[in-house]
Every structure is written in structure tokens, then in C-alpha cells.
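Q: Before we start, here is the structure in question, set down as C-alpha cells.
The values are calculated or read from the model by the stated rules, or taken from the named source; none is laboratory data. Predicted model, so just to flag it, every value in this text is computed and none were measured. Cβ: placed from backbone, ideal geometry, glycine included. Neighbour counts: every protein chain shown.
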Amino acid sequence: MFKKILAMDKRLLLFIGVFAGIIVSVATVKTLAYTDSPDFCSSCHIMTEVHESFAKSNHAELACGDCHLPHESLVKKYTYKAKSGMSHVYFNFIGDEKIPKVLHASENTDEVVTENCISCHENTLKNVSHDAKDNCTSCHQSVPHGKGFKTEDYFKPPKPGELLENKGGTMNNG
């Protein structure tokens, strides 16, 4: 069989190779994009409530990966995605009864989400004076996943030193 392939016209082999490469590349890109989509993420039964609240939010046009994955490099993004995906697979296999009704972000995920919030809302942060805590979700915990995703900490007053030095934002009155 290998001899038959080598006996073929080299231009035809090159054409077949390039065509196959294009097909594989497009399929890979489409597959990776689909795995960032809300449709894919909601296919896990533990994400049903999360997806329903997201679909009703003003962020519903975004892909899940826009907020939940780092964007510094493709390697970091897909490494993080693979690690998260494996933990989601694990939780799907341990059974519904062991999964909490409200899923809370890990410290790592909080950092990624905050970086992505700031990336999209940078101009708002420059122009709107507001108090801030350690991360965006400290105050905006229900964005975009609804009121049921606020923890009891959301309603507690800030701890000493928790607010930024320039309480009220960075606007200068002088």
C-alpha cells in the first residue's frame, strides 16, 4: 500500500495532503469554538441552572470561555480549559446528590473572571466611581448568573483593608 502511495503523482499527493490539512484545521477550530459555547456547557446536567440564569442575562451573547478562560495565550487557555473540563467530567460522574446546588468559582477562576471583566469593562472602571473589593464578583456576584448565585458573604460589609485605597474610585476631586 505504501508503494502505491509513493507511485502516485507528487502534485496529487500534495493536493490531498493540503486538502486534508484544511479539513482537519477547520474541524478542530469549529470543535474548539463549540466547546466554548453555552450550548456545549449546558449539555452537562449540573450546568442547567447556571445556563438558564446566563441565558436571561445581558451577557447572553458571549461564549462561556469569554469570561471563564484566560486569554493571554492559546496554550494557557486550552490548558486551563482541559483542567476545568476534567473536573467537570469528574463531577458529572460522582452523581447529582453530591454536587452543590450553587457552584462557586475557585480562587483561580475568580482571578480569570476578574481579569476578563476588567478587560471588557476597562472604560467603565476609568469613568465610574464605585467601591471595589478584591475582585469583580465580590460585588457583582449575580452577573451574569442571577440572584441565586449570591453567597452570604455578598451581604456582609467589607472587611478592614478590603476596599481599594481610593475608595469611591480613581476620580480626583482636586
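Q: Taking TYR90 as meeting all but one of (1) loosely packed, with under 12 Cβ neighbours inside 10 Å; (2) modelled with pLDDT of 80 or more, write down the number of the exception.
A: Result: TYR90 fails condition (2) only.
Q: I'm trying to understand the selection: among the residues of the stretch 42-61, which are free of Cβ contacts under 8 Å to residues at least 60 places away in the same chain and closer than 17 Å to CYS120 by Cα?
A: GLU61 - this is the single residue of the stretch 42-61 that is free of Cβ contacts under 8 Å to residues at least 60 places away in the same chain and closer than 17 Å to CYS120 by Cα.
Q: Residues in the stretch 61-75: is at least one modelled with pLDDT under 85 and either under 13 Å from the mean Cα position of the chain (by Cα) or of a type in the set (A, V, I, L, M, F, W, C) (or both)?
A: No; the residues of the stretch 61-75 include none that is modelled with pLDDT under 85 and either under 13 Å from the mean Cα position of the chain (by Cα) or of a type in the set (A, V, I, L, M, F, W, C) (or both).
Q: So, one more: Please go through the stretch 115-142 and give me each residue that is at pLDDT 80 or above, within 27 Å of GLU52 (Cβ to Cβ) and surrounded by fewer than 17 Cβ atoms within 10 Å (Cβ to Cβ), ordered by number.
A: Once the filter is applied, which keeps residues that are at pLDDT 80 or above, within 27 Å of GLU52 (Cβ to Cβ) and surrounded by fewer than 17 Cβ atoms within 10 Å (Cβ to Cβ), the stretch 115-142 yields GLU115, ILE118, SER119, CYS120, HIS121.
Q: Where the second residue is among the β-branched types (Val, Ile, Thr) and the first is at negative phi and lies in the stretch 76-92, which pairs have Cβ atoms under 7 Å and are six or more apart or on separate chains?
A: The qualifying pairs are PHE91/ILE46; PHE91/ILE99; ASN92/ILE46.
Q: Name every residue in the stretch 22-71 that is of a type in the set (D, E, K, R), outside any helix (DSSP H, G or I) and surrounded by 10 or more Cβ atoms within 10 Å (Cβ to Cβ), in order of residue number.
A: Those that are of a type in the set (D, E, K, R), outside any helix (DSSP H, G or I) and surrounded by 10 or more Cβ atoms within 10 Å (Cβ to Cβ): ASP36, LYS56.
Q: Could I ask something else about it? Is it fair to say GLY17 is surrounded by 11 or more Cβ atoms within 10 Å (Cβ to Cβ), at negative phi and modelled with pLDDT of 80 or more?
A: Against the criterion (surrounded by 11 or more Cβ atoms within 10 Å (Cβ to Cβ), at negative phi and modelled with pLDDT of 80 or more), GLY17 does not qualify.
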